[in-house]
Amino acid sequence: MTTTPDEATMKHPPLLDDIILHENDLTEEAKSCFGYHSKILHAFELYRRSILCNEHMTCLGRHRALSEIGKLHTNCKQVLNYMTEHSELLSGNLPPFGPLIIYGLPRTGSTLLQNLLACDPDCRSPLITDMCIDIVPPISRSNSVEHEKRMAARISYFGQIALFEAEAKHIFASHPYFPIDEDYYILRQASFLPFFTMITSDQVSDDGTWLLKELNKDYVYDYHELFLRMLNSVDAPRSHWLLKTPVHSFKLDTILQHYPNAAIVMTHRRLDEVLPSSCSLSWSLGSIHLDKRDAASRNTIKKQTLQFIDKAIECTVEFRTRLDRIHDEKRKNLFDVAYNDLMEQPIATVRRIYDYFGLRWSDEFEGAMQVWLCNNPQGKQGRHSYSLKECDLMIEDIEARYADYITLFQCSPSSDIASASSH
């Protein structure tokens with residue numbers, strides 16, 4: 001990841017200008033067992049075409065994007081083949097409680113919360129080395145030698161796509177990197193790529209059609225459950241799995257169909273902070289594929305980010321309002337966390353979550369959280385600056401545009417966000 005542009009030119013092969021996606025290495029048994037494989041291939045093929053048609057992508061950006069979808073599809077096929085060969089794992093049991101799923105809008109403190117909750121020795125949250133590089137066969141957390149090899153392979157992959165140190169630092173300042181990461185990396189292998197779509201298409205519609213197409217992919221949670229069962233087969237947690245990604249906002253009903261015992265923690269933050277921070281992060285991630293001087297590309301990503309937030313809020317409000325209205329039993333498995341509470345009292349906030357769900361607290365868990373907080377102060381990987389002006393929105397616009405969400409979760413830009421509660 002410390003490669004300079006000149007070194008990349010000397011060390012790495014010519015940049016990709018196209019790839020061939022295929023299923024030659026997917027067994028016939030896997031195709032028969034997992035019928036959604038063809039939908040995944042079709043979706044990746046659409047991404048490939050979008051990448052080739054996007055005139056705003058740089059040659060290096062196109063190389064990176066094509067490399068990524070090729071790698072994701074390869075990972076998916078490897079998992080499908082592995083689970084076909086080990087079909088007994090399909091009927092294996094996940095822990096009776098959970099998963100404990102953190103979701104909320106982007107930039108609401110969910111990464112901090114995930115890392116704190118993952119300090120519990122009785123739970124397990126996927127590692128980046130579980131989800132990205134050489135993912136089969138699955139390995140236990142205790143296999144540090146193999147995890148180190150996988151991390152080295154991931155760094156080598158960054159070199160292959162010429163991700164330079166300055167670019168990586170800029171991204172990590174916006175979204176810090178940790179060994180434990182969000183399970184969006186699993187969904188990506190099944191072609192669920194709403195963030196990636198922002199940089200593969202240079203056209204944006206007012207109705208957010210690009211995102212609606214992404215959301216019409218229920219099969220991605222078939223793959224998600226398959227992947228989790230694969231990991232669980234070699235290293236099941238004593239208590240529960242811990243998952244986190246903002247994109248779960250779009251598919252909460254589907255998640256509960258796959259994980260009926262799920263416990264959900266929703267994070268909240270003032271929208272006048274969420275919106276500009278999200279736009280800034282999207283540009284940090286997208287700009288490595290695009291000409292940073294291209295105002296049109298930046299405006300497209302900004303517009304798509306706001307459409308992403310709009311849809312996430314719409315889905316969240318509909319889901320929560322429906323559960324509250326019918327007094328659904330699943331409502332008991334929801335807990336709200338305020339960003340301010342999490343930042344000011346992180347361990348106390350986690351304690352409230354554990355008390356609410358009846359999970360076992362331990363001195364070992366609390367001590368591990370204290371160590372993690374000491375070793376990872378805010379801003380350690382860089383400072384992320386942003387302003388509301390970048391979104392072309394005023395506070396008054398936010399109050400009107402997201403009135404239902406603000407009323408439901410009491411997170412008005414003009415007042416402090418509500419404290420954590422079970423509503």
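Readers should treat all values here as calculations from the given coordinates under stated rules, not as data from a laboratory. None of these values were measured; they are calculated from a predicted model. Using ideal geometry, Cβ is built from the backbone for each residue, glycine included, and neighbour counts are taken over all protein chains shown.
Okay, here's what the table says:
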read-out: Fraction of antiparallel bridges per DSSP, the stretch 5-409 only, in percent to nearest 5; value: 10
read-out: Across Lys31/Lys213; Lys71/Lys302; Lys244/Lys311; Lys213/Lys251; Lys71/Lys217; Lys31/Lys251, pairs whose alpha-carbon gap is larger than 22 Å; value: Lys31/Lys213; Lys71/Lys302; Lys31/Lys251
read-out: Linear extension gain, Asn299 paired with Asp134, 0.36 nm per residue minus alpha-carbon span; value: 55.8 nm
read-out: For Leu334, residues with placed amide H under 5 Å, excluding near neighbours; value: Ile264
read-out: Additional length obtainable on full extension of the chain from Glu85 to Glu364, 0.36 nm per residue less Cα span; value: 96.6 nm
read-out: Per principal axis, descending, Cα span of the stretch 5-409 in whole Å; value: 56, 55, 42
read-out: Extension reserve of the Asn93-Lys332 stretch, reckoned as 0.36 nm per residue once the Cα distance is removed; value: 83.7 nm
read-out: Distance between modelled label sites at Ile395 and Ser156, nm, 7 Å Cα→Cβ extension; value: 5.3
read-out: Tail beyond 18 Å, pair distance distribution of the stretch 281-328 (Cα, percent); value: 48
read-out: Descending Cα extents along the principal axes, the stretch 202-293, whole Å; value: 49, 28, 25
read-out: Eligible aspartates and glutamates near Lys149 by straight Cα distance, threshold 18 Å, same-chain separation 8 or greater; value: Asp130, Asp134, Asp181
read-out: Karplus-derived HN-Hα couplings along the stretch 120-132 (A = 6.51, B = -1.76, C = 1.60, θ = phi - 60°), whole Hz, x at Gly and Pro; value: 5, x, 8, 10, 9, 10, x, 8, 4, 6, 7, 10, 10
read-out: Sequence-separation-based contact order of the stretch 5-409, relative, with Cα cut under 8 Å and 6+ spacing, percent; value: 26
read-out: Most to least packed among 291-304, 18-31 [average Cβ atoms within 10 Å]; value: 291-304, 18-31
read-out: Where labels lie 7 Å past Cα in the beta-carbon direction, separation of Thr58 and Val317 in nm; value: 3.9
